[in-house]
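*Asks:* Below: one structure in structure tokens.
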Amino acid sequence: METRRKWKSSYSLYVKPLVLIMTGVLFVGAAVAITTLNIPVTVIPSQNAVTSSACSGTLTLSGGPAPGSGTLRYICPPSSGAFTVTTVGADTPTFSPPPEITSVAYVSHSASTCSGSTTLTSGTSTTLSSTGDFDICANYSCPTGCTIPTWSFSWSS
């Protein structure tokens with residue numbers, strides 16, 4: 001009887017706290033299961049670039065063209081970039097070059113050549129990712145010599 005009483009009292013010493021702990025764990029588990037959060041789709045619109053030009057619309061050729069084919073670099077006279085980006089973002093170039101021009105691109109005005117320039121497609125939005133002055137680069141092909149007529153280039157947001 002004495003052993004039974006000792007067992008019963010030690011049983012109640014350990015069982016009650018164990019039951020309380022297990023009940024607490026169940027409530028915490030239930031609280032975690034109830035705390036599901038659904039994050040909505042968030043669309044962040046692109047920012048439009050801001051471009052300008054100090055040229056009043058007239059660019060000049062930097063350097064002379066090589067016979068046959070090569071790259072023309074257009075700047076703002078006497079020595080500024082063809083256009084300036086004051087706010088980075090998306091912008092759409094529009095141009096319709098003559099057939100002798102095979103591709104159009106832009107490069108930082110501080111670059112020594114058009115090597116590494118960013119190619120553009122007329123009517124297709126592009127991201128202007130840095131501010132500063134930039135020049136227009138145009139690859140040409142005139143294997144028998146030619147005169148490239150005037151053409152225009154513009155940015156629109």
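*Asks:* For segment 61-75, which residues satisfy the criterion of being in contact (Cβ under 8 Å) with a residue 12 or more places away in the chain and either more than 11 Å from GLY145 (Cα to Cα) or of a type in the set (A, V, I, L, M) (or both)?
*Replies:* Those that are in contact (Cβ under 8 Å) with a residue 12 or more places away in the chain and either more than 11 Å from GLY145 (Cα to Cα) or of a type in the set (A, V, I, L, M) (or both): LEU61, SER62, GLY70, THR71, LEU72, ARG73, TYR74, ILE75.
*Asks:* In addition: Do we have PRO77 as more than 14 Å from ILE136 (Cα to Cα) and not hydroxyl-bearing (Ser, Thr, Tyr) here?
*Replies:* Answer is no for this residue.
*Asks:* Look through THR144, THR113 and report the one residue that is among the β-branched types (Val, Ile, Thr), loosely packed, with under 13 Cβ neighbours inside 10 Å and in contact with a Lys or Arg (Cβ under 9 Å, 6 or more places away or on another chain).
*Replies:* Among THR144, THR113, only THR113 is among the β-branched types (Val, Ile, Thr), loosely packed, with under 13 Cβ neighbours inside 10 Å and in contact with a Lys or Arg (Cβ under 9 Å, 6 or more places away or on another chain).
*Asks:* Can you tell me which residue within segment 66-82, out of those that are outside any strand (DSSP E or B) and open to solvent by 30 Å² or more (accessible area, probe 1.4 Å), is nearest to SER154 (Cα to Cα)?
*Replies:* Filtering first and then ranking leaves PRO77.
*Asks:* Residue by residue through segment 116-148, note down the ones that are under 15 Å from GLY63 (Cβ atoms) and over 21 Å from the mean Cα position of the chain (by Cα).
*Replies:* Correct list: CYS137, ALA138, ASN139, TYR140, ILE148.
*Asks:* Being farther than 12 Å from TRP155 by Cα and open to solvent by 10 Å² or more (accessible area, probe 1.4 Å) is the filter here; which residues of segment 122-138 pass it?
*Replies:* SER129, SER130, THR131, GLY132, ASP133, PHE134, listed by residue number.
*Asks:* Just name the residue that is farthest from the chain's Cα centre (by Cα) out of those in segment 83-105 that are in a loop (DSSP other than H, G, I, E, B) and surrounded by 15 or more Cβ atoms within 10 Å (Cβ to Cβ).
*Replies:* The qualifying residue farthest from the chain's Cα centre (by Cα) is GLU100.
The values are calculated or read from the model by the stated rules, or taken from the named source; none is laboratory data. Quick caveat: nothing in here was measured; it's all calculated off a predicted structure. Here the Cβ is made from the backbone with ideal geometry for all residues, glycine too, and neighbour counts use every protein chain on show. Just the protein is used for accessible areas: all its heavy atoms, side chains included, with ligands, DNA and RNA removed. Shrake-Rupley method; radii C 1.70, N 1.55, O 1.52, S 1.80 Å.
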